[in-house]
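Participant: Sharing a structure below in structure tokens format, with a few things to ask.
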Number of protein chains: 2
Amino acid sequence: MIMSRSEARHNDGSVVTGTLLDRLLTGLPAEAVLTDPDVTVSYANDMASFCPAGAPAVVVLPRTVEEVQHVMRTASELRVPVVPQGARTGLSGGANASDGCIVLSLTKMDRILEINPVDRIAVVEPGVVNATLSRAVGEHGLYYPPDPSSWEMCTIGGNIGTASGGLCCVKYGVTAEYVLGLDVVLADGRLMSTGRRTAKGVAGYDLTRLFVGSEGSLGIVVRAILALKPQPPQQLVLAAEFASGAAACDAVCRIMAGGHVPSLLELMDRTTVRAVNDLAHMGLPDTTEALLLAAFDTADPAADLAAVGALCEAAGATQVVPADDFAESELLLQARRSSLVALEAVKGTTMIDDVCVPRSRLAEMLEGVERIADKHRLTIGVVAHAGDGNTHPTVCFDAQDPDECRRARESFDEIMGLGLELGGTITGEHGVGVLKKEWLARELGPVGVEMQRAVKAAFDPLGILNPGKLF
Amino acid sequence: MIMSRSEARHNDGSVVTGTLLDRLLTGLPAEAVLTDPDVTVSYANDMASFCPAGAPAVVVLPRTVEEVQHVMRTASELRVPVVPQGARTGLSGGANASDGCIVLSLTKMDRILEINPVDRIAVVEPGVVNATLSRAVGEHGLYYPPDPSSWEMCTIGGNIGTASGGLCCVKYGVTAEYVLGLDVVLADGRLMSTGRRTAKGVAGYDLTRLFVGSEGSLGIVVRAILALKPQPPQQLVLAAEFASGAAACDAVCRIMAGGHVPSLLELMDRTTVRAVNDLAHMGLPDTTEALLLAAFDTADPAADLAAVGALCEAAGATQVVPADDFAESELLLQARRSSLVALEAVKGTTMIDDVCVPRSRLAEMLEGVERIADKHRLTIGVVAHAGDGNTHPTVCFDAQDPDECRRARESFDEIMGLGLELGGTITGEHGVGVLKKEWLARELGPVGVEMQRAVKAAFDPLGILNPGKLF
């Protein structure tokens, strides 16, 4: 049967879905096309709170570039929206399904195609799990730095889509800095290569970087050439306790202004320290108002820790504990690693924000979040990649209490407003997705939004790629 | 008088120029508008060979963002092409004037607006000279790494336009990695801000990186927020002589695969070594077929040099000379620094190529260039940022000899073809400009070119920004 375009667009009926499935199955094996609603519903969401998600018409799990091209050609032809997904560990709803969409899961394209120690590159498919790649390159003495907290689950494709960060960024930067080249299937199914496999290259506009952080809205990444670093020495960690958040932030400023290059510089506020104590009985003193963790993976980490310890004391640290060895370092990091789980245990549900400010404004950010928590009678813990000024204020609330939910949502908005006031950005590493799209326009301004939309229209004129995200 | 659009477009007559000047002078002081052909002709060219340049209708030298906006509004209204310029030290003709264009020189917007050691950023206008910025941030213990050889003259705006590299890239990366945010005047005169002043940020598409390397074809950068590093220790240099280019390239591969992070890793081939000897009597042995220079700016550079020296010997180095101190290091670097001048002295004129290959293919690149030189009976010296695989094959020729000019041009094309064959790019750091625009399409392929053009059209629908470059 021949459908009108409006029928095809209004994609919630069996007619369209029937046609869609028939077409998809001409280029995909049956086991790569999931339609059972009990199964497809499990692909509806990523890990963000407060983000609506629709019911996908179908979930496809291609294994080859050609299959992805077939999916996109079909979607273009039938004007069906496509939502690309990795492991769905995102925190902004960027991978949430929309009603009647094709969920395009890249998780089956999970091969590491090449690891080259001389050129210091890896070539991978998008579904490779971050930890799998990290371990594989480690065997060659190499290092893939980006380490989002979900690194044991999240995929490189998802990391590229959201431009993920992690704990190591203060020294090693974010995902974007490790993506040299991409193969991308465009909205209409054509295949485009961007970038290079060389260390340098400036041939034409940097479309590679344009795709990094584009949240699946410009094309489908099917292959990535990643830059690697040599494996650094193991890091040695120092913990410093402070009697105020402001003192800890002052220490951060002294460390960074002092020319130090820590491999990690993390801050936990009082609320977070107490939550961790309650959960894990780590024996952190309950009087601690802020805990700073600094690490160095240099040739002489003990010397670096001594210098940074002195700066912490100058900033008023009440106690400075440098680890003696790597095992002790790991123990100190456990406190930071269990922060989010501990905060979740406080009230059952958390909403994790991701506001990055200039590190010189970090103390103001912490004070402001405390004010906002008091005003809304909420528990808000802050963990921060302090060296980057990247804070994760985490609102703890009872999802069964409508009034508390409302206050949580309001506080979240106020925290983003505060971040912008301090010269920051509404997202340091989690992306915009559904969660922050109203805020993106505030950050970018009208001209910025217009030009971003023009770029989107250039790559996806039909608007079928991850619609309703970002803008 | 009222002009038709076609009159305005056909911009080689006094009518149009008269109107153009009148309009420009409504928003620019008289001294910022140059029309004397004896003066404007000196703005026609950058430093590339074999690149045609037209006669500008006018050269404007704005001092404020508003003046740049006025220029772009005027240009859009009258459909006059605009060629943005920094110091015109480029090597691809990217800043060459077209007939009847407005040359928009940003050299008078040369203020450093802010240097912030805590946030490790500088905020600058585009006309700031690279060396001026480097010295200014050095006084705060900070370091702006990108160091193109023209660093004493070239501007930050020009560096951003061409995504410049330099000697330090093997450790510190290229200009793109240091641009956090931009203010850009769009083709129609509107002002857009991109990016951020924070260490991290992923709000929307990365338009900042899209502008870096766009050769003035998408908008006019009027302000840049740059990331800075702490000033590293002074570097210590080692020189290693080899009996073949292949052996030197083998050493490069061993060094990079061995996990070393040199702050400089440069290679000079036999032709270059001899040219430098002839010019500067540096006493390099005439039997040397290749010279490798490695440097480390680490805490213990002597130890790093010892390890790298051993790798050079394992690769067959005939002599390894580690510098004892920083003064000696500078002497060793003189050989590299004088390479291009020395090659220019060989025949009066040079044509510098900029082909980057995976470093594992560097030896094949060197051999291939030698074959091409033999075939065309030309002297071609190769200097290379070897750690990056970024070669600068430099064709030495007599510009008065038409046949030699033809052979030089042909060899240049063959060198780019060779680079692509080896999995490389036609430009590592010099950009496309006029010189390589025919080659860009070969590297990007038809889909790539189409999408690049779509991006161009989104930002510059009238096609007035630096027309005839890149594509």
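The values are calculated or read from the model by the stated rules, or taken from the named source; none is laboratory data. Because the structure is predicted, anything quoted here is derived from the model rather than measured. Reconstructed Cβ throughout: ideal geometry from the backbone, glycine too, with neighbour counts over all protein chains shown. When the accessible area is computed, the model is the full protein with side chains, heavy atoms only, and any ligands, DNA or RNA have been set aside. Shrake-Rupley method; radii C 1.70, N 1.55, O 1.52, S 1.80 Å.
Participant: Could you grab me the full set of residues in segment A:229-262 that are within 14 Å of chain B (Cβ to nearest Cβ) and open to solvent by less than 10 Å² (accessible area, probe 1.4 Å)?
Facilitator: Within segment A:229-262, A:249, A:251, A:252, A:255, A:256, A:262 qualify.
Participant: I'd like to check something: does segment A:77-88 contain any residue that is in a helix (DSSP H, G or I) and either away from chain B (no Cβ under 14 Å) or among the acidic types (Asp, Glu) (or both)? It would help to see each step written out before you state the result.
Facilitator: Taking segment A:77-88 and keeping what is in a helix (DSSP H, G or I), we get A:77-78.
Of the ones still in play, those that are also either away from chain B (no Cβ under 14 Å) or among the acidic types (Asp, Glu) (or both) are A:77-78.
Among the residues of segment A:77-88, at least one is in a helix (DSSP H, G or I) and either away from chain B (no Cβ under 14 Å) or among the acidic types (Asp, Glu) (or both), which makes the answer yes.
Participant: Then there is this: Looking at segment A:435-456, which of the residues that are of a type in the set (A, V, I, L, M, F, W, C) and in contact (Cβ under 8 Å) with a residue 60 or more places away in the chain is nearest to the other protein chains (Cβ to nearest Cβ)?
Facilitator: Residues of segment A:435-456 that are of a type in the set (A, V, I, L, M, F, W, C), as a first pass: A:435, A:439-441, A:444, A:447, A:449, A:451, A:454-455.
Those still in the list that are in contact (Cβ under 8 Å) with a residue 60 or more places away in the chain too: A:435, A:455.
Values: A:435: 12, A:455: 6 Å.
So, considering only residues that are of a type in the set (A, V, I, L, M, F, W, C) and in contact (Cβ under 8 Å) with a residue 60 or more places away in the chain, the one nearest to the other protein chains (Cβ to nearest Cβ) is A:455.
Participant: Something else about it: Can you pull out every residue in segment A:449-466 that is part of a loop (DSSP other than H, G, I, E, B) and surrounded by 19 or more Cβ atoms within 10 Å (Cβ to Cβ)? I'd like the intermediate steps shown before the answer.
Facilitator: Here is the first cut: in segment A:449-466, the residues part of a loop (DSSP other than H, G, I, E, B) are A:460-464, A:466.
Correct list: A:460, A:464, A:466.
Conditions (1) aliphatic (A, V, I, L, M); (2) surrounded by fewer than 20 Cβ atoms within 10 Å (Cβ to Cβ), marked per residue:
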residue	(1), (2)
B:54	no, yes
B:63	no, yes
B:71	yes, no
B:79	no, yes
B:91	yes, no
B:119	no, no
B:124	yes, no
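Participant: Taking the criterion of being among the hydroxyl-bearing types (Ser, Thr, Tyr) and at pLDDT below 95, would at least one residue in segment B:139-149 satisfy it?
Facilitator: The first filter runs over segment B:139-149 and keeps only residues among the hydroxyl-bearing types (Ser, Thr, Tyr), leaving B:143-144, B:149.
Remaining after also requiring at pLDDT below 95: B:149.
Yes, that holds for at least one residue.
Participant: Between B:203, B:303, B:290, which is touching a helix residue (DSSP H, G or I) at 6+ places or on another chain (Cβ under 8 Å), hydrophobic (A, V, I, L, M, F, W, C), over 21 Å from residue B:163 (Cα atoms) and open to solvent by 10 Å² or more (accessible area, probe 1.4 Å)? Before the answer, list the steps.
Facilitator: On the way: B:303 fails: touching a helix residue (DSSP H, G or I) at 6+ places or on another chain (Cβ under 8 Å); B:290 fails: open to solvent by 10 Å² or more (accessible area, probe 1.4 Å).
Result of the check over B:203, B:303, B:290: B:203.
Participant: In addition: Exactly one of these conditions fails for residue B:192: (1) facing another protein chain (nearest Cβ under 10 Å); (2) open to solvent by 10 Å² or more (accessible area, probe 1.4 Å); (3) in contact with a Gly (Cβ under 7 Å, 6 or more places away or on another chain). Give me its number.
Facilitator: Against the list (1) facing another protein chain (nearest Cβ under 10 Å); (2) open to solvent by 10 Å² or more (accessible area, probe 1.4 Å); (3) in contact with a Gly (Cβ under 7 Å, 6 or more places away or on another chain), residue B:192 comes up short only on (2).
Participant: Another one. Mind counting the residues in segment A:264-316 that are within 14 Å of chain B (Cβ to nearest Cβ) and among the polar types (S, T, N, Q)?
Facilitator: 1
Participant: For the condition over 23 Å from residue A:232 (Cβ atoms) and open to solvent by less than 20 Å² (accessible area, probe 1.4 Å), what is the one hit in B:265, B:226?
Facilitator: On the way: B:265 fails: over 23 Å from residue A:232 (Cβ atoms).
Of the residues listed, the single one that is over 23 Å from residue A:232 (Cβ atoms) and open to solvent by less than 20 Å² (accessible area, probe 1.4 Å) is B:226.
For (1) over 25 Å from residue B:198 (Cβ atoms); (2) in a helix (DSSP H, G or I), each residue gets a yes or a no:
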{"residue": "A:295", "(1), (2)": "no, no"}
{"residue": "A:302", "(1), (2)": "yes, yes"}
{"residue": "A:306", "(1), (2)": "yes, yes"}
{"residue": "A:309", "(1), (2)": "yes, yes"}
{"residue": "A:319", "(1), (2)": "yes, no"}
{"residue": "A:332", "(1), (2)": "yes, yes"}
{"residue": "A:336", "(1), (2)": "no, yes"}
{"residue": "A:344", "(1), (2)": "yes, yes"}
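Participant: Looking only at segment A:133-161, count every residue that is away from chain B (no Cβ under 12 Å), in a loop (DSSP other than H, G, I, E, B) and over 18 Å from residue A:94 (Cα atoms) and tell me the total.
Facilitator: Looking only at that region, the number is 5.
Participant: When residues of segment A:135-153 are filtered for being open to solvent by 30 Å² or more (accessible area, probe 1.4 Å) and within 15 Å of residue A:179 (Cα to Cα), how many remain?
Facilitator: Here the count works out to 2.
Participant: Further, regarding this structure: Looking only at segment B:319-346, filter to residues that are within 20 Å of residue B:264 (Cβ to Cβ) and of a type in the set (D, E, K, R); which one of those is surrounded by the most Cβ atoms within 10 Å (Cβ to Cβ)? Reasoning before the result, please.
Facilitator: From segment B:319-346, those within 20 Å of residue B:264 (Cβ to Cβ) are B:319-343; that's our starting set.
From what's left, of a type in the set (D, E, K, R): B:324-325, B:328, B:330, B:336-337.
Details: B:324: 10, B:325: 9, B:328: 15, B:330: 14, B:336: 21, B:337: 15.
Going through the qualifying residues, I end up with B:336.
Participant: Sticking with this one: With the requirement that a residue be over 20 Å from residue A:465 (Cα atoms) and either among the basic types (Lys, Arg) or modelled with pLDDT under 95 (or both), what does segment A:11-35 give you?
Facilitator: Hits for segment A:11-35 are A:13, A:14, A:15, A:18.
Participant: In segment B:103-121, is there at least one residue being over 30 Å from residue A:446 (Cα atoms), in contact with an Asp or Glu (Cβ under 9 Å, 6 or more places away or on another chain) and in contact (Cβ under 8 Å) with a residue 12 or more places away in the chain?
Facilitator: At the first step, the residues of segment B:103-121 found to be over 30 Å from residue A:446 (Cα atoms) are B:117-118.
Now restrict to residues that are in contact with an Asp or Glu (Cβ under 9 Å, 6 or more places away or on another chain): none.
Scanning segment B:103-121 turns up no residue that is over 30 Å from residue A:446 (Cα atoms), in contact with an Asp or Glu (Cβ under 9 Å, 6 or more places away or on another chain) and in contact (Cβ under 8 Å) with a residue 12 or more places away in the chain.
Participant: Collect the residues in segment A:347-384 that are in contact (Cβ under 8 Å) with a residue 60 or more places away in the chain, within 14 Å of another protein chain (Cβ to nearest Cβ), open to solvent by less than 10 Å² (accessible area, probe 1.4 Å) and within 19 Å of residue A:252 (Cα to Cα), keeping them in residue-number order.
Facilitator: A:354, A:355, A:356, A:357, A:358, A:362, A:384
Participant: Among B:397, B:412, B:459, which is among the aromatic types (Phe, Trp, Tyr) and within 14 Å of another protein chain (Cβ to nearest Cβ)? Break it down into steps so the answer makes sense when it comes.
Facilitator: On the way: B:397 fails: within 14 Å of another protein chain (Cβ to nearest Cβ); B:412 fails: within 14 Å of another protein chain (Cβ to nearest Cβ).
None of the others qualify; the one that does is B:459.
Participant: Could you count how many residues in segment A:170-189 are open to solvent by less than 10 Å² (accessible area, probe 1.4 Å) and in contact (Cβ under 8 Å) with a residue 60 or more places away in the chain?
Facilitator: 4
Every residue, every condition in (1) more than 30 Å from residue B:468 (Cα to Cα); (2) part of a loop (DSSP other than H, G, I, E, B), yes or no:
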residue	(1), (2)
A:181	no, no
A:198	no, yes
A:238	yes, no
A:246	yes, no
A:249	yes, no
A:253	yes, no
A:266	yes, no
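Participant: Related question: Any chance segment A:116-128 includes a residue that's closer than 13 Å to residue A:44 by Cα and over 15 Å from the mean Cα position of the chain (by Cα)?
Facilitator: no
Participant: Let me ask something else about it. What is the number of the single condition among (1) more than 11 Å from chain A (Cβ to nearest Cβ); (2) under 23 Å from residue B:44 (Cβ atoms) that residue B:421 does not meet?
Facilitator: (2)
Participant: Let me ask something else about it. Looking only at segment A:424-434, filter to residues that are within 7 Å of chain B (Cβ to nearest Cβ) and among the aliphatic types (A, V, I, L, M); which one of those is nearest to residue B:204 (Cα to Cα)? Steps first, answer last, please.
Facilitator: Start the filter on segment A:424-434 by keeping residues that are within 7 Å of chain B (Cβ to nearest Cβ), which leaves A:424-429, A:431-432.
With the extra rule that they be among the aliphatic types (A, V, I, L, M), the set shrinks to A:426, A:432.
Details: A:426: 10, A:432: 7 Å.
Looking at the filtered set, the residue picked out is A:432.
Participant: Can you find even one residue in segment A:162-183 that is among the aliphatic types (A, V, I, L, M), within 14 Å of chain B (Cβ to nearest Cβ) and in contact with a Phe, Trp or Tyr (Cβ under 6 Å, 6 or more places away or on another chain)?
Facilitator: Among the residues of segment A:162-183, at least one is among the aliphatic types (A, V, I, L, M), within 14 Å of chain B (Cβ to nearest Cβ) and in contact with a Phe, Trp or Tyr (Cβ under 6 Å, 6 or more places away or on another chain), which makes the answer yes.
Participant: State which residue pairs qualify: first residue closer than 17 Å to residue A:190 by Cβ and inside segment A:457-471, second residue of a type in the set (Val, Ile, Thr) and in a loop (DSSP other than H, G, I, E, B) in any location, beta carbons under 7 Å apart, and separation of 6 or more residues or different chains.
Facilitator: A:464/A:80
Participant: Please go through segment A:114-124 and give me each residue that is more than 11 Å from residue A:226 (Cα to Cα) and either β-branched (Val, Ile, Thr) or not in a loop (DSSP other than H, G, I, E, B) (or both), ordered by number.
Facilitator: Step one: filter segment A:114-124 for residues more than 11 Å from residue A:226 (Cα to Cα), giving A:117-118.
Of everything in segment A:114-124, just one residue is more than 11 Å from residue A:226 (Cα to Cα) and either β-branched (Val, Ile, Thr) or not in a loop (DSSP other than H, G, I, E, B) (or both), namely A:118.
Participant: Residue check, residue B:316 against (1) on the phi > 0 side of the Ramachandran plot; (2) open to solvent by 60 Å² or more (accessible area, probe 1.4 Å), all met but one. Which one?
Facilitator: Failing condition for residue B:316: (2).
Participant: Given the criterion in contact with a strand residue (DSSP E or B) (Cβ under 8 Å, 6 or more places away or on another chain) and either among the β-branched types (Val, Ile, Thr) or in a loop (DSSP other than H, G, I, E, B) (or both), identify the matching residue among A:110, A:99.
Facilitator: Working: A:99 fails: in contact with a strand residue (DSSP E or B) (Cβ under 8 Å, 6 or more places away or on another chain).
Testing whether each residue is in contact with a strand residue (DSSP E or B) (Cβ under 8 Å, 6 or more places away or on another chain) and either among the β-branched types (Val, Ile, Thr) or in a loop (DSSP other than H, G, I, E, B) (or both) leaves just A:110.
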